[in-house]
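J.: Okay, handing you the structure first.
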Amino acid sequence: MIDLHCHSNISDGALPPREVVRLAHANGCTLLALTDHDHTGGLAEARQEAEALGLRLVSGVEISVSWRKRTIHMVGLNFDEQNSRLQTLLAQVRQGRLERFARMAEKLERRGFAGAYEGALALVPNREMASRTHLAQWLIEQGHVRNKQQAFKKYLGDGKPAWVKHEWASLEQAVAAVLGAGGIAVIAHPIRYGLSATAQRNLFTEFKALGGQAIEVHSATTNLNDRLNYARLAEQHGFLASAGSDFHRAGDFGSGKLGACPPLPERCRPVWQEFCL
């Protein structure tokens, strides 16, 4: 039972790192990576709990990347979390996130949503990680929208009134930082980006040329056909295969069961073979 993509309240998850590990263990997980967005601050706590429970934990992070005017995510696995180059990049990405959050809150306030900045910030367990997800949560709690989907559709999504275009880390920077820290670079949930076949091929080709090693063949709630398709693509491009629930909180739409990813198709070369020899 393996899960190499999940989140704690160090980024945008609901549970503290130790509770994420406990729930994964309770669900039968034997190998886990905590992959908070642009932050490794939960790994020490998660590792301590994992050791107490006899669960294998590998270091992880999910890095926000800008690629050809699109936002994609890249997971780093099994790296040295003390590496200064990686930590510098993550700090830069977090600072950019905060600046974007403030600008989006300002846009909401100009549209009459008074107190959006302070109200949303009060909902963030780790203020380094304030994001539009928290703005959505504030809009829901204030009764301005019914749910997260409506918040993004009306105000926070691409091109909407409070949207702010942002440049994250480049794909080259993200791959180099993870590889420089001794880790494995993985394209997270490629199924979610809505890329054409040509664009996806371009992404995979460029990622491979930069030193990227794997893609997520399973993410969250992908079905068997999705897994077979991405297993084929992984094989074609020479990638290892990863799997993750992308768990944030219980009952989240589109989130898989923490610690309980389905088996990968037989044609896959699992990424965990690289660090579980």
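The values are calculated or read from the model by the stated rules, or taken from the named source; none is laboratory data. What you are looking at is a predicted structure, and each value in this text was computed from that prediction instead of being measured. No Cβ is skipped: glycine too gets one built from the backbone with ideal geometry, and neighbour counts run over all protein chains shown. Accessible surface is based on the protein model in full, side chains and every heavy atom, while ligands, DNA and RNA are left aside. Shrake-Rupley method; radii C 1.70, N 1.55, O 1.52, S 1.80 Å.
J.: Do you know which residues across segment 171-221 are open to solvent by 50 Å² or more (accessible area, probe 1.4 Å), farther than 22 Å from Ser255 by Cβ and of a type in the set (A, V, I, L, M)?
T.: Leu179, Ala197, Ala209, Leu210
J.: While we're looking at this one, here's another question. If the Cβ limit is 6 Å and pairs must be 6+ apart or interchain, which residue in segment 146-170 that is surrounded by 12 or more Cβ atoms within 10 Å (Cβ to Cβ) pairs with which residue that is part of a loop (DSSP other than H, G, I, E, B) and hydrophobic (A, V, I, L, M, F, W, C)?
T.: From residues that are surrounded by 12 or more Cβ atoms within 10 Å (Cβ to Cβ), the pairs are Ala151/Val145; Tyr155/Ala162; Leu156/Ala162.
J.: Where in segment 1-120 are there helices (runs of 4 or more DSSP H), lying fully within it, with 2 or more residues that are of a type in the set (Lys, Arg)?
T.: Values: elements: 17-26, 43-53, 84-110.
Qualifying helices (runs of 4 or more DSSP H): 17-26, 84-110.
J.: Looking at (1) small (Gly, Ala, Ser); (2) open to solvent by 50 Å² or more (accessible area, probe 1.4 Å); (3) closer than 21 Å to His39 by Cα, can you tell me which one Ala130 breaks?
T.: Every listed condition holds for Ala130 apart from (2).
J.: Moving on to the next point. Which ones in segment 54-69 are closer than 14 Å to Val20 by Cα and free of Cβ contacts under 8 Å to residues at least 60 places away in the same chain?
T.: Once the filter is applied, which keeps residues that are closer than 14 Å to Val20 by Cα and free of Cβ contacts under 8 Å to residues at least 60 places away in the same chain, segment 54-69 yields Leu55, Leu57, Gly60.
J.: Output the number of residues of segment 97-132 satisfying the condition of being of a type in the set (A, V, I, L, M) and within 22 Å of the chain's Cα centre (by Cα).
T.: Quick first cut of segment 97-132, residues of a type in the set (A, V, I, L, M) only: 98, 102, 104-105, 108, 114, 116, 120-124, 129-130.
Going one step further and asking which of them are within 22 Å of the chain's Cα centre (by Cα), we end up with 98, 102, 104, 120-121, 123-124, 129-130.
Residues in segment 97-132 being of a type in the set (A, V, I, L, M) and within 22 Å of the chain's Cα centre (by Cα): 9 in total.
J.: Of the residues that sit in segment 234-272 and are open to solvent by 80 Å² or more (accessible area, probe 1.4 Å) and touching a Phe, Trp or Tyr at 6+ places or on another chain (Cβ under 9 Å), which one is nearest to Ile2 (Cα to Cα)?
T.: Lys257
J.: Could you list, in sequence order, the residues of segment 55-101 that are open to solvent by 70 Å² or more (accessible area, probe 1.4 Å) and out of contact with any Ser or Thr (no Cβ under 7 Å at 6 or more places or on another chain)?
T.: The answer is Arg68, Lys69, Arg70, Asp80, Gln82, Ser84, Arg85, Thr88, Gln92, Gln95, Glu99.
J.: Identify, please: which residue in segment 36-54 is open to solvent by 10 Å² or more (accessible area, probe 1.4 Å) and among the hydrophobic types (A, V, I, L, M, F, W, C) and is, among those, nearest to the chain's Cα centre (by Cα)?
T.: Restricting attention to segment 36-54, the residues satisfying the condition of being open to solvent by 10 Å² or more (accessible area, probe 1.4 Å) are 37, 39-41, 44-45, 47-49, 51-54.
Then drop every residue that is not among the hydrophobic types (A, V, I, L, M, F, W, C), which leaves 44, 52-53.
On the way: Ala44: 18, Ala52: 26, Leu53: 25 Å.
Looking at residues that are open to solvent by 10 Å² or more (accessible area, probe 1.4 Å) and among the hydrophobic types (A, V, I, L, M, F, W, C), I get Ala44.
J.: In segment 222-232, which residue that is crowded, with 18+ Cβ neighbours inside 10 Å and not basic (Lys, Arg) is farthest from Thr71 (Cα to Cα)? Give the steps one after another, and end with the answer.
T.: The first filter runs over segment 222-232 and keeps only residues crowded, with 18+ Cβ neighbours inside 10 Å, leaving 222, 227, 230-231.
Filter again for not basic (Lys, Arg), leaving 222, 230-231.
On the way: Thr222: 20, Tyr230: 20, Ala231: 23 Å.
Looking at residues that are crowded, with 18+ Cβ neighbours inside 10 Å and not basic (Lys, Arg), I get Ala231.
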